[in-house]
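Scroll down for the structure; my scribbles are underneath it.
The values are calculated or read from the model by the stated rules, or taken from the named source; none is laboratory data. Everything numeric in this text was worked out from a predicted model, so none of it was measured. Because the Cβ atoms are built from the backbone with ideal geometry, glycine has one as well, and the counts that use them run over all protein chains shown.
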């Protein structure tokens, strides 16, 4: 398994377009956060503004890291490198899991850098403007939620990419599903008095991992369980389908 | 040693490979031939599990490919030189392959040198010509120093020098004791490098034999007869059942009679001969004769100018079918060739 992970790691970092996307993923939340905490009025600087802005803008980074994961798996089918890949490692489950490990770990490290370095730089600006801001709010929960969401989103991206084998379709699905389909479906469920089912919409649950969750919902851990279950289901499906079909 | 047994692969209602069995011996180059769509590539993909066969087995030195922990050290397979990410460099392509099988990194530089890509190893593959990609593909095949090598159309896109190079590499690999299976449409190349042939048509085995035996069995055989006044001899040969194709006033190609028989007949008739030489068709002739009946999309036998008309209404005449040797008069006629096919250039 270690050899396969090493191989997949080399693949992921030796394509320039992947690196460009990672740079965008890092730069975007930094830019938004630093501009926000620099330009906002002192009186609007609430105690958790910095972390909130950082985590909210890092949602785009999660999606970009998911796109990198999709390019990693779907590129194999687009350029038919899946054939030499499976020739070198006939155990297809091992290949899929190695891709998920590499993409998820890579995404977690990048997200840690985004949040860690973004927080330090933002805090320097905040401290220079306000004498005493007080303690930040539920920052640990938000940061942990962001890391968890990113990892699960990337795993789901690899699994769905393996199922669809098409970059465009997978990326579209990973954007349309959470941002358009689920909100519409959620609204419909509210209308038909089936509000409880909204908690089981996977990306809705994923987004709750990076929000303050009010009463009457699954809470952060429950939402994490739903989104993790979705990622696990997609992974299991991908393993079965990829194992059966022709490369 | 590769042993393929009862390999079957279906795509929906279409059977691409049907109950196919053959062996690939170590120490020789085995050419894998068949018309377009005959199932060569599918067979090779099934052999290493890339396509899931519906039945049958393939053993590499007695083992299934899926059981190899480091398969690149056992079997090197190249299916298409295009199976490379265009945004990756050649060196990085070989790096991930090597890493997957725990191969030493120094082997990459050795092979880049062997295939002549050292100076461009850090360029993205998108800038490579097809020939350069073929060389990179071959480097990937040899990365693990495998004892079995399988290549699908390796000479595609190569210039004459490259074709010669790959032929020499494959022959050398075979002489080192490896099992080498090569599919190719370039029959002249196969004739130069292959010792054995596996010929398939519509997914079924047509023939497995040494090249010489295959040519002997399927290619046209004739005797060139040249003399100042051979008409009497030709008449006698025709009367004996031979086919005499007159080339000009002094020469003819005789099928259905051995050179010795013709010589004796000439002596009996006191006909002077200037030439009496047996000829055998090329591997291409033999291949075309062997696979004629199995071709799905054949244009052979279609006279120029009739293609458009035939695309609307098929010809009513039954296409000539290559008859097995047992169907021919013993020691007499070769397998019949399509009547309107140009007379192939033969080899003495």
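Brief remarks follow.
- Residues being within 13 Å of residue A:122 (Cβ to Cβ) and either exposed (fewer than 14 other Cβ atoms within 10 Å of the Cβ) or under 16 Å from the mean Cα position of the chain (by Cα) (or both) - total across the stretch A:12-46: 5
- Residue check for residue A:172: closer than 16 Å to residue A:74 by Cα and loosely packed, with under 14 Cβ neighbours inside 10 Å: yes
- Extreme residue, nearest to residue B:180 (Cα to Cα), among residues of the stretch B:9-56 that are within 14 Å of chain A (Cβ to nearest Cβ) and in a strand (DSSP E or B): B:17
- Residue count, the stretch B:219-269 (criterion: at positive phi and either surrounded by 13 or more Cβ atoms within 10 Å (Cβ to Cβ) or part of a strand (DSSP E or B) (or both)): 1
- Restricted to the stretch B:98-114, and to residues there that are at the interface with chain A (Cβ under 7 Å from one of its Cβ atoms) and not in a helix (DSSP H, G or I), the residue that is nearest to the chain's Cα centre (by Cα) is B:101.
- Residue satisfying all of: in the stretch B:81-97; within 8 Å of another protein chain (Cβ to nearest Cβ) and in a loop (DSSP other than H, G, I, E, B); nearest to residue B:155 (Cα to Cα) among these: B:82
- Some residue of the stretch B:57-75 being more than 9 Å from every other protein chain (Cβ to nearest Cβ), at pLDDT 95 or above, touching a helix residue (DSSP H, G or I) at 6+ places or on another chain (Cβ under 8 Å) and part of a strand (DSSP E or B): yes
- Apart from one condition, residue A:193 fits all of (1) away from chain B (no Cβ under 14 Å); (2) part of a helix (DSSP H, G or I); (3) over 24 Å from residue A:118 (Cβ atoms); the exception is (2).
- At least 1 residues being out of contact with any helix residue (DSSP H, G or I) (no Cβ under 8 Å at 6 or more places or on another chain) and surrounded by fewer than 22 Cβ atoms within 10 Å (Cβ to Cβ) is the threshold, and among the strands (runs of 3 or more DSSP E) wholly inside the stretch B:140-218 those reaching it are B:204-210.
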